[in-house]
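Working notes, structure below.
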Amino acid sequence: MEHEAKIFVVDDTETNIDVLLETLGEQYDVSVALDGESALEDIPTTKPDLILLDIMMPGIDGYEVCRQLKQDPATRDIPVIFITAKQESEDQTQGFRVGAVDYITKPFSPPVVQARVKTHLNLVRARQQLANQNVILEERVKERTLALDEKNQELEATRLEIIRRLGRAAEYKDNETGLHVIRMSHYSKIVALKSGMAEDQAELLLNAAPMHDIGKIGTPDSILLKPGKLSNEEWEIMRQHPGIGAGIIGRHESPLLSMARVVALTHHEKWNGGGYPRGLEGDKIPIEGRIVAIADVFDALTTARPYKPEWPVEKALEMIKSEAGTHFDPTLVTVFLTCIDEMLEVRQKWSEQGGSFDSLSDGVR
């Protein structure tokens, strides 16, 4: 760096300039100015690595020159060494206060000047190397963060696909296409947003809702597919599927899987406490379960099942209205009814006749 380093000397005495040029000129690229005004004009364009600055000069003195250099973003990081005949401690204190890094006293001792200059250029080089290392480290951190983000996105996509497929597997027990999980998931998100749920939470519910009936994997087909009414004993077995579903999902720190477990466990609870598996009542039922309860029942009513024909939408809505305050949260029923047009668009888009689960792999996000 020594052969490339630029030194800028500011001194109103030509003899001092000559001494410094002779002392430093063979090793460094030395520029000079005879007054403060010229120095302030030339230094920003010269961009020296180090400045040797006389204090006592006509016009603007060295203190003011240093002060202005330190206020300019283009020059504030250039180290300044004062060259002066002043040796009082208060003079040096003032110099350090305005931003100088060192003092060289007159008359000059060439070895001292060379040593001080070399020392501070080494410090400049060290700072530059540190800055370069910081840039390299920051780039590496960015690269690794990007790679980690991509890996997390890949894992999240895999998790979502597993949830969709497990939801589909459960629906195959009593629904040929698996489109029920897509429709009721979108119904759930619509109601969640309309009820004031935050966008990110509503999106989580969209992705968690397909797992609501995963526990049906543990329910015998003879019960799920029975065309007639279930006996009391059969109902006892059926009522076990929320608990089975919660057990399949397990307890996780993942917000998505945590919400999926809540939905699986609580979507058959009723507002009046008459639901299952725990007989929760009112606001003690998590809102996710209350929302999915309405969405699930609406889609079940308006879709043909082995044990019942498809209901007209109007009849399904009348049934949901009549169950407000008993089966369903009455406030959420009101919200549901205000967005029925959006529900019907979802129902049409993913109808049993026109839809395909595989072609709608992005339908539940």
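Numbers at a glance
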quantity: Residue 221-residue 130 FRET efficiency (beta carbon distance; Förster radius 45 Å; 0.05 resolution); calculated: 0.05
quantity: Cα gyration tensor, the chain - rounded (a/c under 1.5), prolate or oblate; calculated: prolate
quantity: Farthest toward positive dipole pole in the stretch 172-360 [+1 Lys/Arg, -1 Asp/Glu at C-beta], among 247, 346, 193; calculated: 247
quantity: Normalised alpha carbon radius of gyration of the stretch 6-133 [divisor 2.2 N^0.38 Å]; calculated: 0.98
quantity: Exposure proxy ranking, count of Cβ atoms within 10 Å, fewest first, for 124, 112, 292; calculated: 112, 124, 292
quantity: Relative contact order [Cα under 8 Å, 6+ residues apart], the chain, whole percent; calculated: 12 percent
quantity: The chain: calculated mean residue ellipticity at 222 nm from DSSP helix runs of at least 4, using -39500 (n - 2.57); calculated: -18000 deg cm²/dmol
quantity: Exposure proxy order (Cβ contacts within 10 Å, fewest to most) of 311, 235, 271; calculated: 235, 311, 271
quantity: Nearest 10 degrees, 0 to 90: helix 62-71 Cα axis against the chain principal axis; calculated: 20 degrees
quantity: Mean projected area in nm² (Cα convex hull; one quarter of hull surface) for the stretch 114-157; calculated: 2.5 nm²
quantity: Three-way shape label, the stretch 172-360, alpha-carbon gyration tensor, a/c 1.5; calculated: rounded
quantity: Percentage relative contact order, the stretch 194-284, counting C-alpha pairs under 8 Å, at least six apart; calculated: 29 percent
quantity: Distance between modelled label sites at residue 300 and residue 74, nm, 7 Å Cα→Cβ extension; calculated: 7.5 nm
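Bear in mind that the values in this text are calculations on the coordinates, not laboratory data. Keep in mind that what you see is a predicted model, and the values were worked out from it rather than measured. With ideal geometry, Cβ positions are generated from the backbone for all residues, glycine too; neighbour counts draw on all protein chains shown.
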